[in-house]
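So the structure is just underneath, and the comments pick up after that.
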Amino acid sequence: MTPRNYETALSLLECAAKALEILYDRRDQLEATIEDVSLRAEGAVVSAQAKMLDWQQVAAGLKDQVQDLERRLAAMQQRAERAESQFAAERDRVEAAERQAAEALDISQGLHSKIMTAFGRSSSAHKALLVAMDDVSGV
């Protein structure tokens, strides 16, 4: 080999050594960046898991509240249905009482008419009663 070939080879080796040095530095930077990103990602995962657990607890609490509200709603619906049944029964009793009152009024008016016919001013019983009262007061 000629000295020029040695110089070229030496120059190429120096360039390769510098390139390797640059590549090692770049690799070190990339590894540091990867480690930093990895640490931040792990922190984000831990934070996300904590938030997920918090939301799961909130969801479980809300589910319990929904179940409690559903139970209360069912109880209220049953009470409302009982109240409606009781109201219908009361309405039926009121209607029956109104019919009985109307019938009693009819009977009362009928009796009043019969009494007035039997003992009223123009009846013979009324005249007899007046005579009997006069006899009793005259005694």
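Among the chymotrypsin sites (Phe, Trp or Tyr not before Pro) in the stretch 1-76, none sits in a DSSP loop with a Cβ that has at most 14 other Cβ atoms within 10 Å. Listed by chain and number, the lysines placed with their C-alpha closer than 18 angstrom to that of residue 114 are 127; residues fewer than eight positions away on the same chain are left out. Taking the chain as a Gaussian network, where each spring joins two C-alpha atoms under 10 Å apart, which residue of 25, 68, 54 fluctuates the most? Per the Cα network of the chain with a 10 Å cutoff, 25 tops the list. Take the Cβ-Cβ distance between residue 130 and residue 108 as r, set R0 to 25 Å, and report the resulting FRET efficiency rounded to the nearest 0.05. E between residue 130 and residue 108, to the nearest 0.05, is 0.45. Available extension along the chain between residue 54 and residue 90 is 7.7 nm, counting 0.36 nm per residue and deducting the alpha carbon span. Distance between the modelled labels on residue 18 and residue 69, one decimal in nanometres: 7.3 nm (7 Å Cα→Cβ projection). Here the chain exposes an accessible surface that is 62 percent carbon and sulfur, computed with a 1.4 Å probe and the other protein chains kept in place. Only protein heavy atoms count here; on that basis, with a 1.4 Å probe, residue 99 has an accessible area of about 140 Å².
The values are calculated or read from the model by the stated rules, or taken from the named source; none is laboratory data. The structure presented is a predicted model; accordingly, all values stated were derived computationally and were not measured. Note that we place each Cβ from the backbone using ideal geometry, even for glycine, and neighbour counts take in every protein chain shown. Note: accessible area is taken over every heavy atom of the protein model, side chains too, but ligands, DNA and RNA are not part of it. Shrake-Rupley method; radii C 1.70, N 1.55, O 1.52, S 1.80 Å.
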